[in-house]
Amino acid sequence: MIETELRPGSSIVCRPVGELDWAGAVPLRRVVHDAFAPGLEVVIDLSRVEFIDAAGMSALVGSVRFVRAQGGAARTCNARPQVRRLMELIGVDRLLMPSSVANVAC
């Protein structure tokens with residue numbers, strides 16, 4: 001399940017809930033692609049993700065790259081320690097969570 005919240009100031013928060021695995025990857029990509037508009041900041045709040053696998057990580061990276069390639073801004077935030085550690089091990093933490101926003105409230 002992916003919760004979405006449109007916020008004033010041209011941003012949308014996408015909040016995956018539970019496991020971000022092969023079953024959750026497609027809905028995340030779909031939500032980001034459908035919600036994106038030029039000038040919109042997309043924030044993917046990972047605070048409710050309990051588990052992520054390679055398909056989920058690919059969906060995160062692909063969604064962020066899609067938004068940025070279209071001229072938008074995208075980032076993740078609030079990853080739980082186990083999710084953050086996996087991002088660091090894989091090496092996508094710098095792409096997905098710039099150090100200045102890694103622990104900010106979404």
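Bear in mind that the values in this text are calculations on the coordinates, not laboratory data. These numbers were taken from a predicted model, which means no experiment stands behind them. Positions of Cβ are generated from backbone atoms using ideal geometry, with glycine treated the same way; all protein chains shown enter the neighbour counts.
Taking the condition of being farther than 16 Å from residue 44 by Cβ, assigned to a helix (DSSP H, G or I) and of a type outside the set (Asp, Glu), how many residues in region 70-89 meet it?
Of the residues in region 70-89, 4 are farther than 16 Å from residue 44 by Cβ, assigned to a helix (DSSP H, G or I) and of a type outside the set (Asp, Glu).
Specify which of the listed residues (43, 31) is outside any loop (DSSP other than H, G, I, E, B), out of contact with any helix residue (DSSP H, G or I) (no Cβ under 9 Å at 6 or more places or on another chain) and buried (at least 17 other Cβ atoms within 10 Å of the Cβ).
None of the other options fit; the residue is 43.
Go through region 11-30 and give me each residue that's closer than 13 Å to residue 64 by Cβ and out of contact with any Gly (no Cβ under 9 Å at 6 or more places or on another chain).
14, the sole residue that qualifies.
When you go through 83, 49 one by one, which is the residue that is in contact with a Phe, Trp or Tyr (Cβ under 9 Å, 6 or more places away or on another chain) and not polar (S, T, N, Q)?
83
Would you point out the residue of region 46-69, among those that are among the polar types (S, T, N, Q) and assigned to a helix (DSSP H, G or I), that is surrounded by the most Cβ atoms within 10 Å (Cβ to Cβ)?
Among those that are among the polar types (S, T, N, Q) and assigned to a helix (DSSP H, G or I), it is 63.
With the condition kept exactly as written, say whether any residue in region 32-48 is of a type in the set (Gly, Ala, Ser) and in contact with a Ser or Thr (Cβ under 8 Å, 6 or more places away or on another chain).
The answer is yes; a qualifying residue exists.
Taking the condition of a type outside the set (Gly, Ala, Ser), surrounded by 17 or more Cβ atoms within 10 Å (Cβ to Cβ), in contact (Cβ under 8 Å) with a residue 12 or more places away in the chain and more than 24 Å from residue 91 (Cβ to Cβ), does residue 2 pass?
yes
Out of everything in region 39-59 that is more than 10 Å from the chain's Cα centre (by Cα) and among the β-branched types (Val, Ile, Thr), what residue ends up being nearest to residue 91 (Cα to Cα)?
Across region 39-59, the extreme among qualifying residues is 52.
Look at residue 13 and say whether it is in contact with a helix residue (DSSP H, G or I) (Cβ under 7 Å, 6 or more places away or on another chain) and surrounded by 15 or more Cβ atoms within 10 Å (Cβ to Cβ).
Judged against the criteria, residue 13 is not a match.
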